[in-house]
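K.L.:
I have a structure I would like to understand better, so I am pasting it below and will then ask my questions one at a time.
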Amino acid sequence: MSQYMMALDSGTTSCRCILFDHEGNVCAMAQKELTQYYPKLGWVEHDAEEIWAVQLEAAREAMNSLHIGATDIHAIGITNQRETTVVWNRLTGKPICRAIVWQCRRTAEFCDELKRSGAAGDFSAKTGLPVDPYFSGTKLRWVLDNVPNARESAQRGELLFGTVETWLIWNLTHGAAHVTDYSNASRTMLFNINNLDWDKDILKALKIPRTMLPEVRPSSCIYGETSPDLFGAPIPIGGAAGDQQAALFGQTCFLPGDAKNTYGTGGFLLMNTGSKPIFSRNGLVTTIAWGVDGQVEYALEGSIFVSGAAIQWLRDELGIIKSAADTEAIALQADGTNGCYMVPAFTGLGTPYWDPYARGAIVGLTRGVNRNHIVRATLDSMCYQVCDVLRAMEADSGIRLTSLKVDGGASANSYLLQTQADLLNVSVCKPRCIETTALGAAYLAGLSSGYWRSCEELRKNWKADRIFVPDMPPQERAQRLAGWKEAVGRVLR
Ligand code: ADP
């Protein structure tokens, strides 16, 4: 097959396009930065028109780099920053305000009110999510309450809501398709993950008219075709999933118990839990992994707010490293951490602690602790946090993990991955293609459009770059994990 699969990866800081071949190799990539707006403390916005413009530019640039046209693209798959909320006018196609980004905390007070009113338990049982400003629902309500005439206009059926994939598909099809997929719908806090429909009680509680909401479709299905003027000929749009779910799919975690961790700015660990949702007792989020082949599958998700960002802090604030890549050699020089632990709770702690008021600390400092120890302790903290999330997942799912697939920028660090294997006592597997998010989107679109025939075929594309096997005496592991627990105990409020 001479054709390519196109993945549009619409991220928080940039929009990328990757063209893959049938073996899942990256053949071309183009990337465009996205402007970040911080209008007030704790607020984060994007310009949705810019998202569309730069995403289209990235797609054209990737095609140009291979000198190919629309007929060389078999289909398009989309993956996106999740939860970010776009509201636009269906007649003019213009957003009525800036997109409210997942990181934006503007609805924190309203969420506190919801929790005080006792509604939170019901919301969680239906959506799998804790009531939190992170998710789209309260962001959409904020738009309707605060943008002049928005509510009236929505009630007249003039306004449409979507997360970023919905907005992109609507633009790619020139307004022919107003759709989302199960994985993205499950992040809105408006979608009932048990009966797979928008929840009328939640919509009522948040005063959101159902007519604004997109149709929810499988993650792998043909949503429509691109308008012919965009690329010279129509291209089918065959799949969509939120970024973390797409990475889980790209890592071919198709069976219950399969899990992946992404070490990026933050860390996201997802475990496939199969065809039934598992509601967490240990601070995990229950989410839809994808809908493929007429079946919806679920995942448990743990969020680590600060992962690779702790390395950026060493570089930018402390100035004790020149580049992130230096940390591997420095850690290996250190011979242990000399008893110190770093807890990077810069923005509170996520799973399983959920303490927004916790703050970072380096504990166990003695006169002999030097820069190398601190660098090593920081890398170790990225591993300890994954241990905490994974143990919570095992407790909730009753599944004992035997291996963990990894990706993300910091997975380039072999010290980190070996330490992860040692502390988890589980093999850590790094794939040759670390562009798993985009690959997952390509896979979803490739299955619906016949580029790939089955998940079995995709699994054959997953090739290990390196497998890290645990090699630490149990006593040392237990001692170090106990030291970490004690350090975390000191930062919790
Ligand atoms: P995101 O997609 O969240 O922006 P990436 O997946 O590109 O992030 O990963 C970037 C993060 O990984 C940065 O926070 C950086 O500090 C960290 N990082 C990159 N390379 C290394 C390395 N060799 N060792 C440790 N951390 C690294």
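What follows is calculated from the coordinates using simple rules that are stated; it is not laboratory data. Predicted, not measured: the structure shown is a model, and the values here were computed from it. Glycine also receives a Cβ, built like all others from the backbone with ideal geometry; neighbour counts cover every protein chain displayed.
K.L.:
Determine the alpha carbon to alpha carbon distance for each of Lys40/Lys94; Lys139/Lys204; Lys40/Lys405; Lys405/Lys460; Lys126/Lys207; Lys405/Lys485 and list only those over 26 Å.
P.N.:
On the way: Lys40/Lys94 24 Å; Lys139/Lys204 15 Å; Lys40/Lys405 38 Å; Lys405/Lys460 15 Å; Lys126/Lys207 17 Å; Lys405/Lys485 24 Å.
Beyond 26 Å between Cα atoms: Lys40/Lys405.
K.L.:
Over the chain, calculate the relative contact order: mean separation of alpha carbon pairs under 8 Å at least 6 apart, over the residue count, as a percent. Kindly include the intermediate steps, with their values, before the conclusion.
P.N.:
Working: 1132 pairs, mean separation 72.8, N = 493.
Once divided by the residue count of the chain, the mean separation gives 15 percent.
K.L.:
Could you list Lys200, Lys430, Lys405 in order of exposure, starting from the residue whose Cβ has the fewest other Cβ atoms within 10 Å? Walk me through the numbers on the way to the answer.
P.N.:
Details: Lys200 11, Lys430 17, Lys405 24.
Sorted ascending by nearby Cβ count, the order is Lys200, Lys430, Lys405.
K.L.:
Need the full-extension length gain, His174 to His67, defined as separation in residues times 0.36 nm minus the C-alpha distance. One decimal, nm.
P.N.:
Working: separation 107, 0.36 × 107 = 38.52 nm, distance 2.51 nm.
The span from His174 to His67 would gain 36.0 nm if fully extended.
K.L.:
From the phi angles alone, apply the Karplus equation (6.51, -1.76, 1.60; θ = phi - 60°) to the stretch 425-440 and give each ³J(HN,Hα) in whole Hz, x where the residue is Gly or Pro.
P.N.:
Result, rounded to whole Hz: 6, 9, 5, 10, 10, 9, x, 5, 8, 8, 7, 6, 5, 5, 4, x.
K.L.:
What does the convex hull of the alpha-carbon atoms of the stretch 261-406 project to on average, in nm²?
P.N.:
Details: hull surface 40.0 nm².
About 10.0 nm², averaged over all directions.
K.L.:
About its Cα centre, what dipole magnitude does the stretch 349-493 give when the only charges are +1 on Lys and Arg Cβ and -1 on Asp and Glu Cβ, stated in debye to the nearest 20? It would help to have the intermediate numbers written out before the result.
P.N.:
On the way: 19 positive and 14 negative charges, 57 e Å.
Dipole size: approximately 280 debye.
K.L.:
While we're here: DSSP loop GluC sites (Glu not before Pro) in the stretch 1-62 with at most 15 other Cβ atoms within 10 Å of their Cβ, which ones?
P.N.:
On the way: sites: Glu23, Glu33, Glu45, Glu49, Glu50, Glu57, Glu61; in loops: Glu23.
Filter output for the stretch 1-62: Glu23.
K.L.:
Please work out the Kirkwood hydrodynamic radius for the chain, using every pair of different C-alpha atoms, and report it in angstroms with one decimal place. Before the final figure, lay out each step's value.
P.N.:
Values: mean 1/r = 0.0434 Å⁻¹.
Over the chain, the inverse of the mean reciprocal pair distance is 23.0 Å.
K.L.:
Given the stretch 274-322, report the % of alpha carbon pairs whose separation exceeds 14 Å.
P.N.:
Details: 750 of 1176 pairs.
In whole percent, the share of Cα-Cα pairs in the stretch 274-322 beyond 14 Å is 64.
K.L.:
Points 7 angstrom from Cα along the Cβ direction at Ala325 and Ala233: gap in nanometres?
P.N.:
Reported label-point gap for Ala325 and Ala233 is 4.1 nm.
K.L.:
How much of the pair distance distribution for the stretch 385-493 lies past 24 Å, counting alpha-carbon pairs only, in percent? Could you put the intermediate results ahead of the total?
P.N.:
Values: 2387 of 5886 pairs.
Of all Cα-Cα pairs in the stretch 385-493, 41 percent lie more than 24 Å apart.
K.L.:
Continuing with this model, one more query. Of His74, Leu91, Val54, which is farthest on the positive side of the dipole of the stretch 1-150, counting Cα position, with +1 on Lys and Arg Cβ, -1 on Asp and Glu Cβ, and the Cα centre as origin?
P.N.:
The listed residue farthest towards the positive side: Leu91.
K.L.:
Roughly what would the spin-label model give for Ile222 and Thr402, points 7 Å off Cα along C-beta, in nm?
P.N.:
So the label points at Ile222 and Thr402 sit 4.0 nm apart.
K.L.:
Could you list Tyr357, Tyr298 in order of exposure, starting from the residue whose Cβ has the fewest other Cβ atoms within 10 Å?
P.N.:
Details: Tyr357 10, Tyr298 23.
If I rank by nearby Cβ atoms, fewest first, I get Tyr357, Tyr298.
K.L.:
Then there's this: When the Karplus curve 6.51 cos²θ - 1.76 cosθ + 1.60 is applied with θ = phi - 60°, which whole-Hz ³J(HN,Hα) does each residue of the stretch 320-334 get, with x for Gly and Pro?
P.N.:
Karplus-based 3J(HN,Hα) across the stretch 320-334 equals 9, 9, 8, 9, 4, 5, 5, 4, 5, 5, 5, 4, 5, 5, 6 Hz.
K.L.:
Percent of alpha carbon pairs in the stretch 1-131 separated by more than 25 Å? Walk me through the intermediate numbers first.
P.N.:
Numbers: 3754 of 8515 pairs.
Considering the stretch 1-131, 44 percent of its Cα-Cα pairs are separated by more than 25 Å.
K.L.:
Along the Cα→Cβ direction, 7 angstrom out, place labels at Arg315 and Val147. What is the inter-label distance in nm?
P.N.:
3.6 nm
K.L.:
Enter the Cα centre distance for the pair the stretch 254-304 and the stretch 78-108, rounded to the nearest angstrom.
P.N.:
24 Å
K.L.:
For Ser124, Ser65, Ser183, what's the fewest-to-most ordering of other Cβ within 10 Å of each Cβ?
P.N.:
Values: Ser124 17, Ser65 14, Ser183 31.
Lowest to highest Cβ neighbour count: Ser65, Ser124, Ser183.
K.L.:
In the stretch 357-410, if the dipole is taken from +1 on Lys/Arg beta carbons and -1 on Asp/Glu beta carbons about the Cα centre, which of Asn370, Met382, Val406 is farthest to the positive end?
P.N.:
Result: Asn370, furthest along the dipole toward the positive end.
K.L.:
Then there is this: Got the relative contact order for the stretch 427-493 handy, in percent, Cα pairs under 8 Å and 6 or more residues apart? Write out the running numbers ahead of the final one.
P.N.:
Details: 34 pairs, mean separation 30.8, N = 67.
Relative contact order here is 46 percent.
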